[in-house]
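Scroll down for the structure; my scribbles are underneath it.
The values are calculated or read from the model by the stated rules, or taken from the named source; none is laboratory data. A quick note: this is a predicted structure, and the numbers were derived from the prediction, not measured. Every residue, glycine among them, receives a Cβ derived from its backbone with ideal geometry; neighbour counts consider all protein chains shown.
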Protein chains: 2
Amino acid sequence: MKTSNLFSGIPNGLREEIFETLLKTDTFTLERIVSSGQATPPGQWYDQETHEWVILLKGHAGLVFEGEEEVYRLHPGDHVRIPAHRRHRVEWTEAGQTTVWLALHYRE
Amino acid sequence: MKTSNLFSGIPNGLREEIFETLLKTDTFTLERIVSSGQATPPGQWYDQETHEWVILLKGHAGLVFEGEEEVYRLHPGDHVRIPAHRRHRVEWTEAGQTTVWLALHYRE
């Protein structure tokens, strides 16, 4: 059997976020996302066809949902289910360190 | 939106492993498993109808596959895909601390 590590294989000094598919079937995609200070561009929202369950596992990030004032400050272990078409954005991720997410995009 | 934390809500002094469903659809179940020194009973194997992708996120554990000599020592972030009916056992989990796993059981 082959084991991998979610926190390994991350290049230093990332200029862009990395999206890497870990597992994919007809109904879901599991991906690792590595951020390093990136955020969703101002005024833009994610509006996704699929539901998403996402967990932050390293670093910190701020998550915002359209129509809500609150910026959710996510710490390692924090997870949230985002229904399809629930518009949201990543307000910030921590600069100068990597933030690692695990995202499960799925259809019911 | 409601966020939860994977490392929260763990009782002290667990006598048994905790299996908690986080998300369930027709094709997959995502669960949190919390161990504290438990192992698969001697001579027993997991033989599952579904595939499993599992990641260890806190603590340490030893994983064995039938027919392999190696005991895979899992550290936080280590993940492995276990095909359905690939017999395996948890040889040990760290005593005196909690070991937290995230397991995705799925059909293709």
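For segment B:1-54, residues that are under 13 Å from the mean Cα position of the chain (by Cα) and of a type in the set (D, E, K, R) total 5. Scanning segment A:81-91 for residues that are surrounded by fewer than 19 Cβ atoms within 10 Å (Cβ to Cβ) and within 9 Å of chain B (Cβ to nearest Cβ) gives A:81, A:86. Going by what's in this entry, would residue B:108 be described as within 12 Å of another protein chain (Cβ to nearest Cβ), assigned to a loop (DSSP other than H, G, I, E, B), of a type outside the set (S, T, N, Q) and touching a strand residue (DSSP E or B) at 6+ places or on another chain (Cβ under 9 Å)? Yes; evaluated as a whole, the condition is true for this residue. For segment B:1-27, the tally of residues that are over 24 Å from residue B:106 (Cβ atoms), within 14 Å of chain A (Cβ to nearest Cβ) and in contact with a Ser or Thr (Cβ under 9 Å, 6 or more places away or on another chain) stands at 1.
Look at segment A:1-16: where a residue is of a type outside the set (Val, Ile, Thr) and a partner is part of a loop (DSSP other than H, G, I, E, B), sitting 6+ places away or on another chain with Cβ atoms under 6 Å, you get A:5/B:77; A:6/B:77; A:7/B:77; A:14/A:36. All conditions but one from (1) within 30 Å of residue A:50 (Cβ to Cβ); (2) modelled with pLDDT of 95 or more apply to residue B:45; the one that does not is (1).
Within segment B:1-46, the set of residues being within 15 Å of residue B:89 (Cα to Cα) and surrounded by 12 or more Cβ atoms within 10 Å (Cβ to Cβ) comprises B:17, B:33, B:35, B:37, B:38, B:39, B:40, B:45, B:46. Looking across segment A:54-69 at every residue that is of a type outside the set (Gly, Ala, Ser) and touching a Leu at 6+ places or on another chain (Cβ under 9 Å), the one that is surrounded by the fewest Cβ atoms within 10 Å (Cβ to Cβ) is identified as A:60.
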